[in-house]
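Let me begin by presenting the structure, written as structure tokens, before commenting on it.
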Amino acid sequence: MKLQKFSPWNWFKSESRDVAAPAPVEPRQGELSPLLGMHQELDRWMDGVMRQFGMPTLESRFGDMASLLRPQLDIAERDEEYLISVEVPGVDEKDVKLTLDGERLIIEGEKRQESSTKDDRYQRIERSYGSFRRVLDLPDDARPEEITASFANGVLKVQVPRSGEVKANRREIPIQ
């Protein structure tokens with residue numbers, strides 16, 4: 001009996017504590033970068049104060065601002081491979097990068113805003129623009145050297161072949 005089926009692999013264990021933080025975004029024309037940094041620092045300070053008094057943080061109330069751009073994904077397990085489908089609507093293939101860092105698969109890219117003219121007077125803007133990053137930890141039976149990817153209709157599909165054998169992290173220690 002394979003106990004691995006009852007304990008699914010945690011693909012996202014590195015995503016929340018990602019050591020390689022995204023590169024700082026260069027300020028765009030008209031953007032007040034120091035003001036944005038001060039705003040983020042104030043948010044962190046307020047979250048700390050609220051946590052200290054047992055109140056819900058701003059992030060838990062309103063959601064993580066970085067998650068606005070985080071693409072949704074599906075991970076399917078098959079006998080011979082894992083299939084990861086990532087939705088990136090409105091993003092060109094050239095703006096998506098897929099890298100392998102040890103046993104971590106990193107999907108990053110940028111959704112760029114279309115250029116507008118002086119005549120555009122927006123009444124409402126709901127679409128989000130900017131950089132995104134997802135970090136997936138590969139399971140023990142993945143063969144990272146054989147990963148392939150394709151991009152069509154705003155969906156990135158990544159095939160991660162499986163070896164069929166799971167490296168044992170558990171072993172019996174003889175008692176002497």
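The values are calculated or read from the model by the stated rules, or taken from the named source; none is laboratory data. The shown structure was predicted, so the numbers you read here are calculated from the model rather than taken from an experiment. Counting neighbours? That spans all protein chains shown, and the Cβs are built from the backbone with ideal geometry, glycine included.
Data table
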| quantity | calculated |
| --- | --- |
| Answer from Met55, Met46, Met38, Met50 - the residue that is outside the structural domain of Val160 (by TED's automatic domain parsing), assigned to a helix (DSSP H, G or I), at pLDDT below 80 and not acidic (Asp, Glu) | Met50 |
| Criterion: modelled with pLDDT of 90 or more and surrounded by 13 or more Cβ atoms within 10 Å (Cβ to Cβ) - qualifying residue of Arg143, Arg78 | Arg143 |
| Filtered residues of segment 110-139 (kept if in contact with a Ser or Thr (Cβ under 9 Å, 6 or more places away or on another chain), more than 12 Å from Gly90 (Cα to Cα) and of a type outside the set (Ser, Thr, Tyr)) | Val135, Leu136, Asp137 |
| Among (1) farther than 21 Å from Asp74 by Cβ; (2) out of contact with any Asp or Glu (no Cβ under 7 Å at 6 or more places or on another chain); (3) not small (Gly, Ala, Ser), the one test that Pro139 misses | (1) |
| Criterion violated by Ser85 - all others in (1) in contact (Cβ under 8 Å) with a residue 40 or more places away in the chain; (2) in a strand (DSSP E or B); (3) crowded, with 17+ Cβ neighbours inside 10 Å satisfied | (3) |
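Quick grid of which residues meet (1) modelled with pLDDT of 85 or more; (2) of a type outside the set (Asp, Glu):
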| residue | (1), (2) |
| --- | --- |
| Pro71 | yes, yes |
| Asp74 | yes, no |
| Thr99 | yes, yes |
| Glu108 | yes, no |
| Thr117 | no, yes |
| Gln123 | no, yes |
| Glu126 | no, no |
